[in-house]
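Chemist: This is the structure, below, for whatever I ask next.
The values are calculated or read from the model by the stated rules, or taken from the named source; none is laboratory data. This is a predicted model, so every value here is computed, not measured. Here the Cβ positions follow ideal geometry from the backbone for every residue, glycine too, while neighbour counts run over all protein chains shown. Each accessible area value is taken on the protein alone, full model and side chains, heavy atoms only, with ligands, DNA and RNA left out. Shrake-Rupley method; radii C 1.70, N 1.55, O 1.52, S 1.80 Å.
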Amino acid sequence: MAFYAKTVSSLVKQLPKSEFAGGQISRASALYGEKFSFQALYMSETQVNLGVHVKCVSPLSGSIKLYSVRCVPSMLPVHALNDDYYISDKPGMYPDVLEPVAGPLTALKNIWQSVWVEVDVNDGYTPGDYDIDIVFSDNDGCEIGRTSLVLEIIGVNLPKQDTIVTQWFHADCIADVHRVEVLSENWWALVREYMLMASSHGQNMILTPVFTPPLDTQVGGERTTVQLVDVWFNNNTYYFDFANLRRWIELALECGFEYFEISHLFTQWGAKHAPKVMAHVGGEYKRIFGWETDSCGEEYTGFIREFVPKVIGVMEEFGLREKTVFHVSDEPHLEHMEEYSKCAALMKELCGDIKIIDALSNIDFYNSGAVRHPVPSSNRIEPFLEANIPWLWTYYCVSQHTEYTSNRFMGMPSLRNRILGVQLFKHNIAGFLQWGYNFYNTQYSIKHIDPYSVTDAGQAFPSGDAFIVYPGQDGCLPSLRLKVFREAFQDVRALKLASSLIGRAGVLAVLEKDIDPITFKQYPHDEYWLMDMRERINNCIKENMK
């Protein structure tokens, strides 16, 4: 029997029927508090549908999880206009879903498959070298393949993450894909699992749907209502019940979130209308604001003047005033300046020193004073960097697919996902935003989709843009891309720790040794470079902590 097993880095994205992609490693290091990952690739050359069993043999086995890497289809891995740094631009099957290994696997003839190995490096282990063997055996218990890695545990704690990270949490999509009622106990239980997955992978801010977020919704259309604030309107007076908002906050804090972003209070792409607001009126539960509402009209602005101070009061009950942000409208363009500025002025009046952030990429919004905390896209961030804007964030989404910008599409190499951490450190970026933690709709939310069969929002966005987790039996499953995304922010933490020891200039010298300066569009397209860079940073930490 010819059975192959190879140890490769977490940055390898091996397509099933392609030639071996390389990326073999035999040794690595990690700090306390880090989740270190690598992969065991395997393939049967002679037998069809060979049943195999996999296990980990290591002194660290009690802190190791094994996942089977499952492929999903992509009809749209990239847009037609793209650069050349992709593993493939062809429709096909791409490795992405990570399913916990809970029984035998099937090795397919001449098709590469992968086991994802995740090590929880904690201070219960003495610093030093540890062997990790991933052993494959047949149904008779005979070993047929083995991969090995030596992991050095460095006895230094990775510092707490201080970069703020949000991927928009679509609470309505949880109800839709799991077929449960919003605000039911089943929904709350599922929300908890999705929250835990996000917070354990580098996300520390959560989009909070006080009203159904007006995001990626067809003009005149609706998304499933998910509204944490109950509203009553009687005798020309608004009454609010914040019980569900308080429950959401308590649950998010329990799950490890620190920061909260209140969902947008004006519609996407221009702030022209109000979001959908449902209320109890005369014994009927109905929509009182929406696409038919002028965002700057007296009725809605009067509502906002009553509502926003009360939301702030709830956040203050939890001591979260300084850890809360509000939004006006997502991605306004220059032609929307007038409406956006009016809505932003109202929000600034009501929010005081509470930060208001919005994804937008024209610096005129900042120069005009309409927004104090812009979140420009990573491919249009240069003017914002040159302006030395304090507390600057960045984001990427569907449009960042050219000029070698970082992103997480399935058709992109994993290095293009992970390099984000280095870029954020290099440019002192305070926060990062991505719009799709779990968006399980087609574009404009016209239809719900099965994310296991439709990964491109109905051939609208490159696969990997709209979601980074998959619905599971009682919660969600991670993707390969989510694990690599977390590694990017572990890199930031390690780089900041090294900076505290040898200074920022010293770290940049280590980081950019023998390469051109790193920008949001320029970096080495070599996974061995990134792995080696991280090893050099780890060695720097180890040597300077003595």
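Chemist: Suppose only helical runs count, i.e. DSSP H with n ≥ 4. What mean residue ellipticity at 222 nm does that imply for the chain under -39500 (n - 2.57) per run, divided by all residues and rounded to the nearest 500 deg cm²/dmol?
Modeler: So the helix-based figure for the chain works out to -8000 deg cm²/dmol.
Chemist: Next question. Expressed as an acute angle from 0 to 90° and rounded to the nearest 10, what is the orientation of the C-alpha long axis of helix 243-254 relative to the principal long axis of the chain?
Modeler: Roughly 30 degrees between the two axes.
Chemist: With +1 on each Lys and Arg Cβ and -1 on each Asp and Glu Cβ, and nothing else charged, work out how big the dipole of the chain is about its Cα centre, in Debye to the nearest 20.
Modeler: Result for the chain is approximately 660 debye, rounded to the nearest 20.
Chemist: While we're on this one: Nearest 20 debye, what's the magnitude of the dipole of segment 429-546 about its Cα centre given +1 on Lys and Arg Cβ and -1 on Asp and Glu Cβ?
Modeler: 440 debye
Chemist: Let me ask something additional. Return the carbon/sulfur percentage of the accessible area of segment 68-146, one whole number, probe 1.4 Å, all protein chains in place.
Modeler: Using a 1.4 Å probe with all protein chains present, segment 68-146 comes out at 50 percent carbon and sulfur.
Chemist: Okay, next question. With every protein chain kept in place and ligands, DNA and RNA left out, what is the accessible area per residue of segment 282-352? Probe 1.4 Å, answer in Å².
Modeler: 48 Å²
Chemist: Applying 1/(1 + (r/R0)^6) with R0 = 25 Å to the Cβ-Cβ distance of Thr106 and Asp131, what FRET efficiency is obtained, to the nearest 0.05?
Modeler: Efficiency at R0 = 25 Å is approximately 0.35.
Chemist: Follow-up question, since we're still on this one. Any idea of Lys513's accessible area? Nearest 10 Å², probe 1.4 Å.
Modeler: Approximately 110 Å² for this residue.
Chemist: Oh, and also: Under the rule a/c < 1.5 gives rounded, and otherwise a/b versus b/c splits prolate from oblate, where does the chain land using the Cα gyration tensor? Write out the running numbers ahead of the final one.
Modeler: Working: a/c = 1.89, a/b = 1.55, b/c = 1.22.
Prolate, because a/c is 1.5 or more and a/b exceeds b/c.
Chemist: Ranked by accessible surface with a 1.4 Å probe, highest first, in what order do Phe260, Phe20, Phe240 come?
Modeler: Values: Phe260 0, Phe20 65, Phe240 40 Å².
Highest to lowest solvent-accessible surface, that is Phe20, Phe240, Phe260.
Chemist: Something else: Rounded, prolate or oblate: which one fits segment 251-290, using the alpha carbon gyration tensor with axes a ≥ b ≥ c (rounded when a/c is under 1.5, else prolate when a/b beats b/c, else oblate)?
Modeler: Oblate shape, in that a/c is at least 1.5 and b/c is the bigger or equal ratio.
Chemist: Let me ask something additional. Taking the highest mean first, how do the peptides 461-471, 393-403, 347-357 order by number of other beta carbon atoms within 10 angstrom per residue? Intermediate results must be reported in sequence, preceding the final value.
Modeler: Working: 461-471: 25.6, 393-403: 20.5, 347-357: 16.3.
Packing proxy ranking, top to bottom: 461-471, 393-403, 347-357.
Chemist: Could you work out how far the C-alpha centroid of segment 92-143 sits from that of segment 50-81, in angstrom?
Modeler: Cα centroid of segment 92-143 versus Cα centroid of segment 50-81: 7 Å apart.
Chemist: Residues in segment 89-115 near a label at Gln47, defined as backbone nitrogen under 12 Å from the 7 Å Cα→Cβ point?
Modeler: Backbone N within reach: 105-109.
Chemist: Of all accessible surface on segment 407-513 at a 1.4 Å probe, what whole percent is carbon and sulfur?
Modeler: 52 percent
Chemist: Can I ask one more? What is the dipole size for segment 335-492, taken about its Cα centre, with +1 at each Lys and Arg Cβ and -1 at each Asp and Glu Cβ, in debye to the nearest 20?
Modeler: With only Lys, Arg, Asp and Glu charged at Cβ, the dipole is about 440 debye.
Chemist: Any idea which of Phe36, Ser114, Tyr85 is furthest toward the positive side of the dipole for segment 10-130, if Lys and Arg beta-carbons carry +1 and Asp and Glu beta-carbons -1?
Modeler: Final value for the positive-end residue is Ser114.
Chemist: Whole number in Å², please: accessible area per residue of segment 353-478, 1.4 Å probe, ligands, DNA and RNA not counted.
Modeler: On a per-residue basis, 30 Å².
Chemist: Would segment 18-173 count as rounded, prolate or oblate if I go by the C-alpha gyration tensor, calling it rounded below 1.5 in a/c and otherwise prolate when a/b exceeds b/c, oblate otherwise? Kindly include the intermediate steps, with their values, before the conclusion.
Modeler: Numbers: a/c = 1.83, a/b = 1.07, b/c = 1.71.
It comes out oblate by the Cα gyration axes.
Chemist: Another question, if that's okay. Among Gly411, Gln459, Tyr4, flag the residue with its Cα farthest along the positive direction of the charge dipole of the chain, charges on Cβ as +1 for Lys/Arg and -1 for Asp/Glu.
Modeler: Most positive-ward Cα: Tyr4.
Chemist: So which lysines can Lys35 reach, going by Cα to Cα under 22 Å and dropping same-chain residues fewer than 8 places off?
Modeler: Lys6, Lys13, Lys55, Lys65, Lys160, Lys483, Lys496, Lys542
Chemist: Right, here's the next one. Taking all protein chains in place and a 1.4 Å probe, what share, in percent, of the accessible surface of segment 251-370 do carbon and sulfur account for?
Modeler: 47 percent
Chemist: Could you please put Val219, Val101, Val52 in sequence from largest to smallest accessible area, using a 1.4 Å probe?
Modeler: The ordering from most to least exposed comes out as Val219, Val101, Val52.
Chemist: Now for a separate question. Place +1 on the Cβ of every Lys and Arg and -1 on the Cβ of every Asp and Glu in the chain, take the dipole about the Cα centre, and give the residue among Gly421, Tyr395, Gly436 whose Cα lies farthest towards its positive end.
Modeler: Of Gly421, Tyr395, Gly436, it is Gly421.
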